[in-house]
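Below: one structure, written as structure tokens.
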Amino acid sequence: MLNKIKSHWHKLKTEYEKIYNKPFLTDFESSKEYLERIKSYLLKKQSECHSNVDVICTLASVELELRDENFDYVEFLQDFLNEFEKSLSDNEKARVYTNIAFWEDFSKDSLMYLNKAKDLNSPFVETYTGLGLYYFSEYEYSKDEKNLLVSCNYFKIAREMEESYVTSFNFAISLFELKEYEKAKEIFLSLLEIYPNRMRLLLCLAYCEVCLGNKDEAMSYVEKVKPGQDLKYNLNTDDVSEDQIIDVYYALEEYDIFLNLCGDCVEYYYIAEWEEYFYVLWLKNQKERFFSLEEKNQKYFEEAINEAIADEDYDSEKEKQETIASWEEDKRNFEEMISKIKIGASRPEGKLKLYPEYSCFMVDCVRHKF
């Protein structure tokens, strides 16, 4: 059935793109008519085959694309499971569970559904990708390496099932966070052979070389990295921020380049917690700039505290006092940081941080899988 559905999808997609001369689904208003036609086709198939998982999962995904506020994706699939659970195979149930888990968005319910799919020996790489992402997000929140180890194991399983860019990248990222830099580097290099000059891979390799103590190699990679979206690729991780590049030069103690690149960031971003930047300004004897930014941030905190005191739009006196206390604490932390730098505090360590591709792991996503 799935091949018939995809064939029908492709037929309508081709018709759309000939008429509008742009990719299907890039514009909702013009794509809506064709999504409605696909929905009608699927509803007809559903009436013919009530318990067909291909139909029900694709229909659920199309409903999401139609942005119907009254459509409850989880309820729709859960009702299907409740009605036909006894007649479904373990693989079919695992498929539906994985789809529901994606929509639950890394909540405890998401983990519950992913575990249900795993316990049924899910044959879908998306199940293990989802579990890897769930535990990695838990690691980011808790900093507990146990979560990272679990995440790495699931990413490894996903890669063994399907060796794609995303599964390999995610596994390498977890290895990097586990300080397995050589192993991570090996995977990044293998990906770079397939995807030459991919900015994210060049940055990852620069990070690995920094951590391995190879300054020249790290410089050779980071010098090729350009900030912004890599126009040849479209994953979330293909968007490289300036600060991720800046962090490499700080780690390599290339302070002149570091300060030069920091210029725009200082103008547009919140820097009151950016200890490395203030440290380097002081170290490089750029005292005028240092004192100017110190004064600017002091005024910022004082104004924020005064506004919090004057503001009457609080739900309670407790909320008001907590807001004021929070701003006062931020101000104290800033003052302590500046004071430590002035009296010669040791170099702030800095942190090279990489993230996996938090992308869609819905098994039947029509946008990404069709």
Can you give me the number of residues within segment 270-302 that are free of Cβ contacts under 8 Å to residues at least 24 places away in the same chain, outside any helix (DSSP H, G or I) and loosely packed, with under 15 Cβ neighbours inside 10 Å?
2
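Select, from Lys156, Lys146, the only residue that is closer than 26 Å to Pro196 by Cα, of a type in the set (D, E, K, R), open to solvent by 30 Å² or more (accessible area, probe 1.4 Å) and in a helix (DSSP H, G or I).
Working: Lys146 fails: closer than 26 Å to Pro196 by Cα.
Lys156 is the lone residue from the list that is closer than 26 Å to Pro196 by Cα, of a type in the set (D, E, K, R), open to solvent by 30 Å² or more (accessible area, probe 1.4 Å) and in a helix (DSSP H, G or I).
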Inside segment 91-141, the number of residues satisfying the requirement of being of a type in the set (A, V, I, L, M, F, W, C) and open to solvent by less than 30 Å² (accessible area, probe 1.4 Å) is 11
Looking at segment 165-181, which of its residues are open to solvent by 30 Å² or more (accessible area, probe 1.4 Å) and either modelled with pLDDT under 95 or assigned to a helix (DSSP H, G or I) (or both)?
Val166, Tyr181
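Is there a residue being in contact with a Lys or Arg (Cβ under 8 Å, 6 or more places away or on another chain) and either at pLDDT 95 or above or polar (S, T, N, Q) (or both) anywhere in segment 274-281? Walk me through how you get there before you give the answer.
As a first pass, look at segment 274-281 and keep what is in contact with a Lys or Arg (Cβ under 8 Å, 6 or more places away or on another chain): 279, 281.
Applying the additional criterion that residues be either at pLDDT 95 or above or polar (S, T, N, Q) (or both) yields 279, 281.
Within segment 274-281, one or more residues are in contact with a Lys or Arg (Cβ under 8 Å, 6 or more places away or on another chain) and either at pLDDT 95 or above or polar (S, T, N, Q) (or both).
This table checks each residue for (1) over 20 Å from the mean Cα position of the chain (by Cα); (2) of a type outside the set (Ser, Thr, Tyr); (3) over 26 Å from Leu25 (Cβ atoms).
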residue	(1), (2), (3)
Phe334	yes, yes, yes
Ile338	yes, yes, yes
Lys342	yes, yes, yes
Ala345	yes, yes, yes
Lys353	no, yes, yes
Pro356	no, yes, no
Ser359	no, no, no
Val363	no, yes, no
Arg367	no, yes, no
Of the conditions (1) more than 14 Å from Phe370 (Cα to Cα); (2) open to solvent by 90 Å² or more (accessible area, probe 1.4 Å); (3) over 29 Å from the mean Cα position of the chain (by Cα), the single one that Tyr16 does not satisfy is (2)
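Return the only residue of Leu2, Leu35, Leu42 being hydrophobic (A, V, I, L, M, F, W, C), modelled with pLDDT under 90 and surrounded by 13 or more Cβ atoms within 10 Å (Cβ to Cβ). Step through it out loud before you land on a result.
Numbers: Leu35 fails: modelled with pLDDT under 90; Leu42 fails: modelled with pLDDT under 90.
Only one candidate passes the filter, namely Leu2.
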Checked pairs for segment 159-183, first at positive phi, second open to solvent by 40 Å² or more (accessible area, probe 1.4 Å), C-beta under 9 Å and 6 or more apart or across chains, list as Lys179/Cys211
Would you call Glu242 surrounded by 19 or more Cβ atoms within 10 Å (Cβ to Cβ) and out of contact with any His (no Cβ under 6 Å at 6 or more places or on another chain)?
no
Over segment 220-239, the set of residues closer than 12 Å to Asn197 by Cα and open to solvent by less than 70 Å² (accessible area, probe 1.4 Å) is Tyr221, Val222, Val225, Asp230, Tyr233, Asp238
Looking at (1) open to solvent by 50 Å² or more (accessible area, probe 1.4 Å); (2) over 23 Å from Ile338 (Cα atoms); (3) not in a helix (DSSP H, G or I), can you tell me which one Glu253 breaks?
(2)
Selected residue (criterion: surrounded by the fewest Cβ atoms within 10 Å (Cβ to Cβ)) from residues of segment 45-72 that are within 25 Å of the chain's Cα centre (by Cα) and in contact (Cβ under 8 Å) with a residue 40 or more places away in the chain
Glu65
Given the structure, is Leu212 under 21 Å from Gly350 (Cβ atoms), at pLDDT 95 or above and open to solvent by less than 20 Å² (accessible area, probe 1.4 Å)?
no
Name the single residue that is surrounded by the most Cβ atoms within 10 Å (Cβ to Cβ) among those in segment 354-370 being touching a residue at least 40 places away in the same chain (Cβ under 8 Å) and among the charged types (D, E, K, R).
Asp364
Taking Pro348, is it at pLDDT 95 or above, part of a loop (DSSP other than H, G, I, E, B) and buried (at least 16 other Cβ atoms within 10 Å of the Cβ)?
no
Residue pairs within 8 Å by beta carbon, gap of at least six or interchain, first lying in segment 321-336 and within 15 Å of Trp274 (Cα to Cα), second β-branched (Val, Ile, Thr) and part of a helix (DSSP H, G or I), listed first then second, are Lys331/Ile305
Taking the criterion of being out of contact with any Leu (no Cβ under 9 Å at 6 or more places or on another chain), open to solvent by 40 Å² or more (accessible area, probe 1.4 Å), farther than 27 Å from Asp144 by Cβ and among the hydrophobic types (A, V, I, L, M, F, W, C), would at least one residue in segment 189-198 satisfy it?
yes
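The values are calculated or read from the model by the stated rules, or taken from the named source; none is laboratory data. Predicted, not measured: the structure shown is a model, and the values here were computed from it. Glycine gets a Cβ as well: all are built from the backbone with ideal geometry, and neighbour counts include every protein chain shown. Note: accessible area is taken over every heavy atom of the protein model, side chains too, but ligands, DNA and RNA are not part of it. Shrake-Rupley method; radii C 1.70, N 1.55, O 1.52, S 1.80 Å.
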